[in-house]
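Asker: Would you mind keeping the following structure in view while I ask a few things?
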Amino acid sequence: MPSYAWPPEDQRAYIGKRISRVDGPFKVSGRAKYTYDYNPKGLLYGAVLRSPYAKARIVSIDTSEAEKMPGVKSVHIVQDKGTIIQWAGDDVVALAAVTEDQAEDALRAIKVEWEPLPHFVDDEKQPPAGSGKTSGAMSQDDFVGAISNQMPQGQLIRQLTTDGVSFKVDDEFIKQAKSFSVPQPIIDALQKAPYHPESGDAPRSPYKEVRSETKGDPDSAFKSAEVTSEGVYGATVITHCCMESHGVAAEWPDPDHLVVHISTQSVSSMPGQIAGGLKGQGVNIDAANIRVEQQNVGGGVGSKFQADRWGIYVPMLSRKAGGAPVKVMLERDAELAVAGARPSHFARVKAAASRDGQITAWESEGWGTGGPGGGAAPPLPYVFDVPNQRNRYVSVATNTGPSRAWRAPQHPQAAVITMGALEDLAARLNMNPVELIRKNIGLVTEARRQIYLDELDIADKMMAWSSRWHPRGQGGNGSMMQGLGLSLHTWGGRGHASNCDLSIHPDGSVDIKMGTQDLGTGTRTTILIVAADTLGIPMEQITLNIGDSSYPTSGGSGGSTTIGGVSSSTRRAAVDARDALFAKVAPGLDTSPEKLVARGGRIFVEGDASKSLTWKQACAKLGAMPITVQGKNPGPENLTNSGVGGVQMADVSVDTETGIVKVNKMVAVQDCGLVIDLKTAESQVLGALIMGVSYALYEEKIHDPTTGIVLNDNMEFYRLAGLGDIPEMQVHMMTGKGYDERGVIGLAEPPTVSPGAAISNAVANAIGVRVPFIPLTPDRVLAALEGQKGAQA
Amino acid sequence: MRSFEYAAPKAPQQALGLLGRNWGESEILAGGTDLLALMKDDVVRPRRLVNVKAVEGADLHALMRRQNGLQIGALVSIARVAESADIRQRYPMLANAAVEAASPQIRNMATMGGNICQRPRCWYFRNGFGLLAVDKKTGKSLVLEGDNRYHAILGNEGPAYFVSPSSIVPSLVAYGAKITLASAKGTREVPLEKFFVTPREENQREHDLRPDEMLTFISLPAPPAGARVAHYEVRQKAAVDGPLATCAALLEMSGGTVKTARIVMGHVAPIPWISQEAAQAIAGKPVNEETAEAAGAAAVAQAKSLGRNGYKIKLARVAVKRAILAAAQGGQA
Ligand SMILES: Cc1cc2nc3c(=O)[nH]c(=O)nc-3n(C[C@H](O)[C@H](O)[C@H](O)COP(=O)(O)OP(=O)(O)OC[C@H]3O[C@@H](n4cnc5c(N)ncnc54)[C@H](O)[C@@H]3O)c2cc1C
């Protein structure tokens, strides 16, 4: 039985070192090709007619004139008459033409008759007390809307089961639903749904209670509490803002084969998704006959797991145009409006502690939106499992682009709410928040207590927290105030399922094929590091092929699962291939395979110079046939693990006359088990801090109450942090004993969780009052300062 | 973008001859940093684009001293204004305003004429609801009913609520700039502040510019001797960010006290806002925290919130105060 275990530190050539990304030069020199760059000869330009209304019924669509326009090759109705559109910007009709201008002109010739319906986009207002117990029976329109707007299956089933329907579900309706490929579990729930004809077509309440839980005895705990603190906290809806927008190019070389270039985080799952979507359009093609390619992707941040509407209608446009390649890349306004939203979460929180700082009780009344489907509750309280707690959460259904997973789904918002409430509690206690956390470390899951304590110590030194921290509001005289804040976070990050083929060729070259993708995180680099370290050869000697659905499947890059998955499958493949090579060469060296090691480009018996071959000499012994093995994850010997902790601290200055916040410094201390590449790991954390400064201070998706459209669907009013806004950043990765032996754990999500909370806390520390919601824009900061003045007056 | 006819005339008279009589017929293309975005968003739909960048006439492309003053050709880039040693020395407030505008790429492309004639950044206007953003169904103002966090706090009696978009114009106005407008029929000169108008109707522009006219020159008088100047911009981000409020202050001093002042606020009203109130408040006084604060307060005495933009009143007050303090402390003309 070979040993797959990660090599100990003294036997690693690459693992854990600082290694630059192998594709860096390609990217910065513009040679890296993205979906956006796929422009084959004869490419047709796709364009999309989008809903100008946040909620409206499509009464009729007439595309006859557009079809006759010069250059137009195909037209596809994405959502037909009768459909109720649930958010502004949703795709209605797509078409393809020879030039971009022809496509745009043709869009303007499409006639859509709309029946605008009342919409609702206000998620910041706290739902009225007691609301959300029931949102009323679903009308037929509600149901059709939920299906066409991809309401999560579980949620739809729950809603059907608890609230029922206001229309008769007859055989005809079921038949229709089936013809639209409504999944069977939903059909079952629909057939069993209680019938409430009395609700008629009355608009349903946007509010729906999705969590109501009590643990321990919060009422008595609050009653006997020595110190309590109350506040409102939250984070508004933001978008993903991928540098490369979503988009697809598709072509049919023949009627039975489809080739798709798509900007995606999940190459291997695309053929199946696309085949399923095409089936709904009456086109039967096996997933096996769909080939998906993507060499580079300009960011995903969680928003690119689905084939999406465009992943289906672009192949349809191509098919209708005789198979010619058709491409649609979302324009920036559409990208911001429909292709990415992090749900908002807000909460009114009460927290209590004994006078010496032991947290005793927690109560949260939360709300927020994930779009038309409402949304799920965030994990509150975050990290700290308070003994007595009550949590209620009301999801708010809004006519806004549906939410998508956003780097560490739900956690940044949960951190803003929890760490904000605990910081406020610390202020009430007149206590340094570091001390409050230490006192309550017992409320943290046991596995991470020591990790957090160690990380706090290191962060403290990096920020000089202990010597620099001051109580609230003592951040200076005059209009510039300075403050410090901190936050803790956690994440899972176990490696996903991953397969690869690794071949050692007789000429000594090596190739790996894996259907994974590199989101810019360094996936290519880390695969090569693991393979090179295992085979004892330079990284440059290995050719890596990824980004193609014809390669062995590997999981989607999300939830910090990629590094654990690809490093484990690569390690197993490389160990097996190496051992196969050992078996071939051992007899010639007059030794047994177990005695051989591969290091420094040689295969040899340790301590015996006579028993040694160069890698090339060894491979030459293979004869004509290469060695090819498959590596898998999961597999024998667990190489990946789950569960990390991180601590971050922020230093800010606030101009109290303008409400403008400047982050001076961020410190991040993070563990992630065995680090494969220290440099890309640190880069990952630095990127998270940059993203965090951006969402803490600037980012916000703003919907117009009157029209329901996204008002800031551009990079001018959807502000992103620029170079000048980025603080000094220091990263410390926890490595070595206690960490390395845990195996590889993902890192993409965790460092993104805390910046919002840490910066919000630093601002509270600076100005002496909590700014309830992030982003911490001048209007919000000034309002909080005004409120404080009002309270003092 | 819709199709359009494109002309790139060389002769000035030819350029003027290509301009239409009504808006919509033609549009002048200078740096294109604003116009092309408006066209891509289908907000402005000219049938003809007259690219004036190649129009001959050295003056249009030059910075020239004129009787101790300065004439800036309309086609001079913002970058050149920012870098000009003469402007830095004699009109430092203008140079600073130019340095802080937009981004290096945009400053290289954008012209001074285009900067003055650029269209409002109001998000209702840019989303196709018109300059006055009236809801067609209800006849009500989308700005008043909706999200007005970036809208006007002064001169906001309606029906226009957008804010004047240039962060350079307030400095030009403070220096007393005049502009020359040319058409095939002749030229006229107007004080820059008079060029900006608050539209009353949807088909009216926010400039005193006729469809067949082109802005050709900006003329600055000699800077008043011994004047102290500074401008202050409240921007949330460090760079490339639309200001929330700005102020250009020009103080003529007499000994330790202010003789007269020109206080011009930007991004607070549909037009660059000359605050007589602030000027009066500081006149005859020495400049210190207290008097500057009082001038700021006077500047926004008439300001009114539209609902979500109340915070801008505070920002405008601070901008005025800080511009005056900065002028007195270091700025000089
Ligand atoms: C990201 C970004 C940031 C920005 N930040 C700032 C900022 O901080 N401060 C600031 O002041 N501005 C800012 N702007 C606006 C920018 O300054 C203007 O877009 C630019 O000055 C316009 O000049 P242009 O030559 O490109 O004009 P164009 O785009 O060519 O034209 C703009 C308008 O003026 C008209 N026009 C142009 N020249 C003339 C003329 N000679 N006579 C009559 N009409 C004319 C055109 O017909 C058009 O309507 C920013 C723009 C962007 C995109």
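The values are calculated or read from the model by the stated rules, or taken from the named source; none is laboratory data. Just so you know, these numbers come straight off a predicted model, no measurement behind them. Note that we place each Cβ from the backbone using ideal geometry, even for glycine, and neighbour counts take in every protein chain shown. Ligands, DNA and RNA are stripped out before the accessible areas are found, and what is left, the full protein with its side chains, is counted by its heavy atoms. Shrake-Rupley method; radii C 1.70, N 1.55, O 1.52, S 1.80 Å.
Asker: Using only the Cα atoms of segment B:43-96, build the gyration tensor, take square roots of its eigenvalues as a ≥ b ≥ c, and label the shape rounded, prolate or oblate: rounded if a/c is under 1.5, else prolate if a/b is larger than b/c, else oblate.
Answerer: prolate
Asker: May I pose another question? Rounded to the nearest percent, how much of the accessible area of segment A:714-793 (1.4 Å probe, protein heavy atoms only) is carbon and sulfur?
Answerer: Of all accessible area on segment A:714-793, carbon and sulfur atoms account for 58 percent.
Asker: Would you calculate the separation in nanometres between label points at B:GLU83 and A:THR99, each defined as 7 Å from the Cα along the Cα-to-beta-carbon direction?
Answerer: 3.6 nm
Asker: Of all the accessible heavy-atom surface of segment B:228-328, with the other protein chains kept in place and a 1.4 Å probe, what percent is carbon and sulfur?
Answerer: Ligands and nucleic acids excluded, carbon and sulfur reach 51 percent.
Asker: In Å², nearest 100, what accessible area do chains A and B bury in total when the solvent probe is 1.4 Å?
Answerer: Separately minus together, A and B give about 2900 Å² buried.
Asker: Ok, one more. Just which residues of segment B:1-31 lose 20 Å² or more accessible area with every protein chain there, against their chain alone, with the probe set to 1.4 Å?
Answerer: SASA drop of 20 Å² or more in segment B:1-31: B:MET1, B:ARG2, B:SER3.
Asker: Could you give log10 I(q)/I(0) at q = 0.09 Å⁻¹ for the protein assembly as shown, computed by the Debye formula over C-alpha point scatterers of equal weight, without solvent?
Answerer: -1.21
Asker: Can you give the FRET efficiency for A:ALA5 and A:ALA583, using 1/(1 + (r/R0)^6), R0 = 30 Å, r = Cβ-Cβ distance, to the nearest 0.05?
Answerer: According to the calculation, E is roughly 0.90.
Asker: Next question. Work out the mean other chain Cβ neighbour count within 10 Å for the residues of A:774-784 and drop it here as an integer.
Answerer: 3
Asker: Using protein chains only (no ligands, no nucleic acids) and a 1.4 Å probe, work out which residues of segment A:624-673 have their accessible area cut by at least 40 Å² relative to the chain alone.
Answerer: By number: A:GLU657, A:THR658, A:ILE660.
Asker: Assuming R0 = 25 Å, what is the FRET efficiency of A:PHE180 and A:SER60, from their Cβ-Cβ distance, to the nearest 0.05?
Answerer: It comes out at approximately 0.80.
Asker: Figure the gain on full extension for A:GLN630 and A:ASN39 (residue separation times 0.36 nm, minus the Cα-Cα span) and round it to one decimal in nm.
Answerer: Gain on extension, A:GLN630 to A:ASN39, equals 209.4 nm.
Asker: Over segment B:228-328, average the accessible area per residue using a 1.4 Å probe and give it in Å², no decimals.
Answerer: Here the residues of segment B:228-328 average 34 Å² of exposed surface.
Asker: Could you order A:MET480, B:MET64 so the one with the most accessible surface comes first? Probe is 1.4 Å.
Answerer: Result of the area sort, largest leading: A:MET480, B:MET64.
Asker: Just need the relative contact order of segment B:228-328 here, percent rounded to a whole number, with Cα pairs under 8 Å and 6+ apart.
Answerer: The value is 31 percent.
Asker: In addition: Using the Karplus equation 6.51 cos²θ - 1.76 cosθ + 1.60 (θ = phi - 60°), what ³J(HN,Hα) coupling, rounded to whole Hz, does each residue of segment B:103-108 give in order, writing x for Gly and Pro?
Answerer: Coupling constants for segment B:103-108: 10, x, 4, 5, 4, 5 Hz.
Asker: So which residues in segment B:104-147 end up with at least 50 square angstrom less accessible surface once the other protein chains are there, compared with the chain by itself, probe 1.4 angstrom?
Answerer: By number: B:ARG121, B:TRP123, B:ASN127.
Asker: Quick one: accessible area per residue over chain A, 1.4 Å probe, rounded to a whole number of Å²?
Answerer: Per-residue accessible area for chain A comes out at 37 Å².
Asker: Another question, then. Label B:GLU201 and B:ALA301 with points 7 Å out from Cα along Cα→Cβ: what is the distance between them in nm?
Answerer: With each label point 7 Å from Cα toward Cβ, the separation is 3.6 nm.
Asker: Express in nm, to one decimal, how much length is gained between A:GLN140 and A:GLU115 on full extension, taking 0.36 nm for each residue of separation and deducting their alpha carbon distance.
Answerer: 7.3 nm
Asker: Follow-up question, since we're still on this one. Just to verify a number: what accessible area does B:MET109 come out at with the full protein assembly present, 1.4 Å probe, Å² rounded to tens?
Answerer: Near enough 100 Å² of accessible area.
Asker: With a ≥ b ≥ c taken as the square roots of the eigenvalues of the C-alpha gyration tensor of chain B, please select rounded if a/c is under 1.5 and otherwise prolate if a/b is larger than b/c or oblate if it is not?
Answerer: It comes out oblate by the Cα gyration axes.
Asker: Using a cut-off of 12 Å between beta-carbons, work out the net charge of the residues near B:LEU132 (Lys and Arg +1, Asp and Glu -1, B:LEU132 not included).
Answerer: Once positives and negatives cancel, what remains is 0.
Asker: Then there is this: How much of the accessible area of segment A:1-131, in percent, comes from carbon and sulfur atoms when a 1.4 Å probe is used?
Answerer: Summing carbon and sulfur atoms, their accessible area is 53 percent of the total for segment A:1-131.
Asker: If you don't mind, there's one more thing I want to ask. Pick from B:LYS53, B:LYS321, B:LYS137: which is most flexible by mean-square fluctuation in a GNM of chain B where alpha carbon atoms under 10 Å apart are linked?
Answerer: Maximum fluctuation in the GNM of chain B, among the listed residues, is at B:LYS137.
Asker: Once you have the Cα-Cα distance between A:ARG332 and A:GLU540, take 0.36 nm times their residue separation minus that, and quote the gain in nm to one decimal.
Answerer: Result for the pair: 71.1 nm of gain on full extension.
Asker: Same structure again: Take the Cα pairs of segment B:228-328, get the Kirkwood Rh, then feed it into Stokes-Einstein at 4 °C and 1.567 mPa s and tell me D in µm²/s.
Answerer: Rounded, D is 98 µm²/s.
Asker: Same structure, new question: In terms of modelled amide H atoms, which long-range or inter-chain residues lie less than 5 Å from the amide H of A:ALA408?
Answerer: A:GLY559
Asker: Evaluate the relative contact order of chain A (contact order divided by residue number), counting alpha-carbon pairs under 8 angstrom at least 6 apart; express in whole percent.
Answerer: Reported relative contact order: 16 percent.
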